[in-house]
Amino acid sequence: MTFQHSLHTQQARRQFLGRTATGIGTAALASLLQEGTTAAEPASGAVAGPHFRPRARRVISLFMHGGPSQLETFDEKPELERRHGTELPDSVRGDQRLTGMTSGQKSFPVVSSAMFRFRKRGNSGATVSELLPRLGDVADELCFIKSMHTEAINHDPAVTLLQTGDQRPGRPSFGAWASYGLGSETRDLPAFVVLLSEGSAARPGDPLYARLWGTGFLPSSHQGVSFRKSGDPVLYLSNPPGLNSTSRRRMLDGLAALNQQRYAVTGDPEIETRIAQFEMAYRMQNSVPELTDFSDEPKLTFDLYGAAAQRPGTFAANCLLARRLAERGTRFIQLYHRGWDQHYNLPGDMRLQCQDVDQAAAALILDLKQRGLLDDTLVVWGGEFGRTVYSQGQLSTTDYGRDHHGRCFTMWLAGGGIRPGITWGKTDEFSYNVVENPVHVHDLNATILHCLGIDHTRLTYRFQGRDFRLTDVHGEVVEGLLA
């Protein structure tokens, strides 16, 4: 096809869209403005609902950004006490690719987690560190995956892989795929919301980029909306001085009319997306202040989540906000808690990080359960990778650090079609290699989509001549995790 022929074809298509656009656009806008609708239809271009009966209607992802150590949290290795300070055998390390932070080390001394004790918790007998006592209390609600693995060994590629299915930037995030595939259950709040919190560790958190909750090549209406901890929860939510609700409505109506005229000329679907986003923002002026006002929560709620839940922007406050979003129909709620990159000062920083999340994460499980929401809400906890069994840098009697480790790490899931009270997978005695039931990042994402009623091989979007999906060309549903 010549360039001229291609251009002529595009112009003919736009002329057709232009002739029909006014009717299509007006119908879409009218649908947006209908009052009394309890649930929105899946967005334009989305799969019309789940492929089969879902067990989960929504996901709350508790992402521990930086890579929490499995050795100090859930993967107890008593044998390491005997080997503490000895060299990690070459046969265990094999040909693993190391990060630049430890590749030059001449010694790789084994570090036990004996500074922290583990106990078997609940009827399931899950091993949980003393650093996470409240999560230990709800161990029978949790499904521990100790055999997670990834090929990425640095933060940004590893987070990007887990969130988008590829180490390279540019793909849609999980929340965007969920919004695209299932639409929204609410007209008044976004289908995909992002909440950020800073950890208490001394080490500064690694950067988080907005593309991690972006849409990539999907329509931009599926973008995650990041809430702020101060001021307007969403930028420009409040009307500026001198502009009231009536004036705002007139302005949006006029802007929609202009956008419709432009759509009639170009046929660009992003114009309709922009109209829909303006209308969502208008409705959020009422829904978001009510959502973020915790004054209607009883004292028992704050006793459950902890005093930090009354401070906006903390992990505890975001967990409570996640429950309120789940109640109101938000499809995918992504919490990022930063500061888990313990290359040094691990004992002290791990105490602080675990104190940040322990009570609130356990409270979220209990709160969802007592409200009847845990059955159809899938909660996921974990980071982008684990930590090495050997010490990074100098090992002392009171201090050590651990480098990035993708060969094995631990995550847990709860609710939404997942078997409670089980431990899946196993690592070797060094927590260095998976020896039983490995679960790759793509397998995890395929399983989460399955709980949402989606066949991960069928949730696709054609871009640049190829059908893309969240799990790339990999991934198998882990049947053993399903209830």
Residues other than TRP424 with Cβ under 12 Å of its Cβ, Lys/Arg counted +1 and Asp/Glu -1, net out at 0
Which ³J(HN,Hα) values, rounded to whole Hz and listed in residue order, are derived for the stretch 392-401 from phi using the Karplus coefficients 6.51, -1.76 and 1.60 in 6.51 cos²θ - 1.76 cosθ + 1.60 with θ = phi - 60°, glycine and proline given as x?
8, x, 6, 9, 10, 6, 10, 9, 6, x
Global form of the stretch 186-236, assessed from the alpha-carbon gyration tensor, a/c cut-off 1.5
oblate
Cβ-based exposure ranking for SER173, SER200, in which fewest neighbours within 10 Å come first:
SER200, SER173
Distance from a point 7 Å along Cα→Cβ of HIS84 to each backbone N in the stretch 345-370: keep the residues under 14 Å and list them by number.
347
Under a straight-distance cross-link criterion of Cα-Cα below 16 Å, which aspartates and glutamates are reachable from LYS369, leaving out those fewer than 8 residues away in the same chain?
ASP137, ASP140, GLU141, GLU327
Here the gain from full extension of ARG419 to ARG249, 0.36 nm per residue of separation minus their alpha-carbon distance, amounts to 56.4 nm
Apply 1/(1 + (r/R0)^6) to the Cβ-Cβ distance of ASP232 and ALA483, taking R0 = 35 Å, and write down the FRET efficiency to the nearest 0.05.
0.30
Label-point separation (nm) for GLN310 and PHE463, each offset 7 Å from Cα along Cα-to-Cβ?
4.5
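Classify the stretch 381-481 as rounded, prolate or oblate, taking a ≥ b ≥ c as the square roots of the eigenvalues of its Cα gyration tensor: rounded when a/c is under 1.5, otherwise prolate if a/b is larger than b/c and oblate if not.
It comes out prolate by the Cα gyration axes.
For the residues PHE332, PHE174, what sequence is obtained by ranking on other C-beta atoms within 10 Å, fewest first?
Working: PHE332 28, PHE174 24.
Fewest-to-most Cβ neighbours within 10 Å comes out as PHE174, PHE332.
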Taking the number of other C-beta atoms within 10 Å as the exposure measure, put LYS426, LYS106 in order starting with the fewest.
LYS106, LYS426
For the chain, size of Cβ-based charge dipole, Lys and Arg +1, Asp and Glu -1, in debye
980
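Would you kindly state how much longer the chain becomes between ASP296 and ARG97 on full extension, computed as 0.36 nm times their sequence separation minus their alpha carbon distance, in nm to one decimal?
66.4 nm
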Note down the net charge around ARG274, summing +1 for each Lys or Arg and -1 for each Asp or Glu among other residues with Cβ under 12 Å from its Cβ.
-3
Distance in Å, no decimals, from the C-alpha centre of the stretch 57-114 to the one of the stretch 358-374 is 30
Provide the gained length on full extension for the span ASN239 to GLU270, in nm with one decimal, where the gain is 0.36 nm per separating residue minus the Cα-Cα distance.
8.7 nm
Assign one of three labels to the stretch 86-188, namely rounded, prolate or oblate, based on the Cα gyration tensor with a ≥ b ≥ c the square roots of its eigenvalues; rounded applies when a/c is under 1.5, prolate when it is not and a/b is larger than b/c, and oblate otherwise.
oblate
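Only the coordinates and a few stated rules stand behind these numbers; no lab work does. This one's a predicted model, so the numbers in the text were calculated from it and none came from an experiment. Here Cβ is always computed from backbone atoms with ideal geometry, including for glycine, and neighbour counts include all displayed protein chains.
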